[in-house]
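The values are calculated or read from the model by the stated rules, or taken from the named source; none is laboratory data. On a predicted model such as this, the values are computed, not experimentally measured, just so you know. Counting neighbours? That spans all protein chains shown, and the Cβs are built from the backbone with ideal geometry, glycine included.
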Amino acid sequence: MNQPAESPVLALPDMQHQWLPFTPNREFKADPQLFARAKDQFYFDLAGRPVLDAGSGLFTTPAGHCRDEIAEAVHRQLQELDFTPGFLRAHPKSFELARRIAGLLPEGLDRVFFVNSGSEAVDTAMKMCLAYHRARGEAGRTVFVSRERAYHGVNFGGVALSGMVNNRRAFGGTVHGVSHMRATWQEATRFQIGQPDQGAELADDLIAAIRVHGAENIAACVVEPIAGSTGVLVPPRGYLERLRDICTAHGILLVFDEVICGFGRTGEAFAAQSFGVTPDLITMAKAITNGAVPMAAVAAARFIHDTVMEAAPEGAIEFFHGYTWSAHPVACAAALASLDLYERDGLFARARALSPVFLEAVASLRDLPLVTDIRGYGMIAGIDLASDGKPGRRGQLLQKKLYDNGLHLKTTGDCAILAPQFIFSEAHIARMTEILRSTIASLA
């Protein structure tokens, strides 16, 4: 494994003014864990100590950190065109990027709307569903169906869809009209790597929602192909296919939230292709720019786009929605450079080839006494730890110790979530597994 270069020691900054997201701020500022720089597979703390990035940042950076190709593209763009409004104006790179993304998507999903975050993408997709049904004379379709243990961002629409209780407690009662199916995790599926054989019938929860609300009132079913932030819940065999069939039979749109899965995480460009199921809309973000610049998008089936366009009067704004930063020139430049990297280095194929090594390494941790379940698919896996009596406390302690021991990943509650960069070698995976094993063992 290549040894990272040394970096200078930096002073601790004044931290009193920033309010950190999804962080116990008082605890963090009493014992801060900061990154000063990054390169390839590593972060570096203020003292220059390397920390192996087994989370691809936050599922964002599969091609490795601080890639020169992306930095140079951003630099050129800032000198050429730093900003242009996206309302009644545009710039060429946005159209080129939309074309490139359409070429990666399942056939027919080739109309791309740019936003700035996964949360915005989800809310935008919800509006697209409502606009489509309204355009075809079914404005009564306003109910959305999602799942328990789902995460769809932090805007009000996404919070309403989400099924993770801590994301809903404070703000989940603002948007109504969402029904939740059961999550796909089952006791019988413990320690199954890949798609579980049991559980396809859970898709029939959508039939139950139809019985309650009436199909004529349901706009869309919104699911993550792999429920990522909740702990990597891989769909049972046949589950997504059943959802697709039910949606088609009842005129309900199917939305895949691929903010985490998109751009190679499952071994194909999108999880829709890995699982062989084509939805009507796909949300994407994170790896679209390899994490370099905030950006996201929604891909809609052509029939959705065309229906909305054709229903609007001539000269009217067909879809009354957008953001100041939509298709920002610098974000487009970063995304185009990222797509070039993914293609030139064959990173999706590399992820596919590395996946068995990664999943086998993670599965080897099942003998640890604190480990209660391991799940995974492609280049993402979740490891559940037994609670110490207060949910989430052990996961928080694991996070801190892993930083001290030189490994970065994401935790949700008492689950450690691994999403290595596609440029990892087998040596990086071995080191990741070694640090995980010793750190989890120390918690016992």
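Quick notes
- Cβ-Cβ distances below 6 Å connect the following pairs, each with a first residue in segment 371-395 that is assigned by TED's automatic domain parsing to the domain that holds residue 413, a second residue that is hydroxyl-bearing (Ser, Thr, Tyr) and not in a strand (DSSP E or B), and a separation of six or more residues or different chains: 378/266; 378/355; 379/355.
- Taking segment 109-128 as the range and being touching a helix residue (DSSP H, G or I) at 6+ places or on another chain (Cβ under 6 Å) and over 19 Å from residue 318 (Cβ atoms) as the test, the residues that pass are 119, 122.
- Restricted to strands (runs of 3 or more DSSP E) entirely inside segment 366-436, those with at least 1 residues that are hydroxyl-bearing (Ser, Thr, Tyr) and over 16 Å from residue 54 (Cα atoms) are 371-377.
- Filtered residues of segment 371-392 (kept if of a type in the set (A, V, I, L, M) and closer than 14 Å to residue 413 by Cβ): 383, 385, 386
- Residues that are over 20 Å from residue 331 (Cβ atoms), assigned to a strand (DSSP E or B) and not hydroxyl-bearing (Ser, Thr, Tyr), drawn from segment 112-146: 143, 144, 145
- Residue count for segment 201-234, restricted to those that are in contact with a His (Cβ under 7 Å, 6 or more places away or on another chain) and not β-branched (Val, Ile, Thr): 2.
- The residues of segment 284-308 that are assigned to a loop (DSSP other than H, G, I, E, B) and over 21 Å from residue 351 (Cβ atoms), listed by number, are 293, 294, 301.
- Evaluation of residue 149 against (1) over 16 Å from the mean Cα position of the chain (by Cα); (2) part of a loop (DSSP other than H, G, I, E, B) (one fails), failing number: (1)
- Considering 137, 103, the condition of being within 25 Å of the chain's Cα centre (by Cα) and at pLDDT 95 or above is satisfied by 103 alone.
- Residue match in segment 265-273 (condition: touching a residue at least 24 places away in the same chain (Cβ under 8 Å), under 22 Å from residue 102 (Cα atoms), of a type outside the set (Gly, Ala, Ser) and part of a helix (DSSP H, G or I)): yes
- Which listed residue, of 136, 141, 168, 147, is free of Cβ contacts under 8 Å to residues at least 40 places away in the same chain and charged (D, E, K, R): 168
- Within segment 354-384, tally of residues that are of a type in the set (A, V, I, L, M, F, W, C), under 13 Å from residue 192 (Cβ atoms) and either in contact with a His (Cβ under 6 Å, 6 or more places away or on another chain) or crowded, with 21+ Cβ neighbours inside 10 Å (or both): 4
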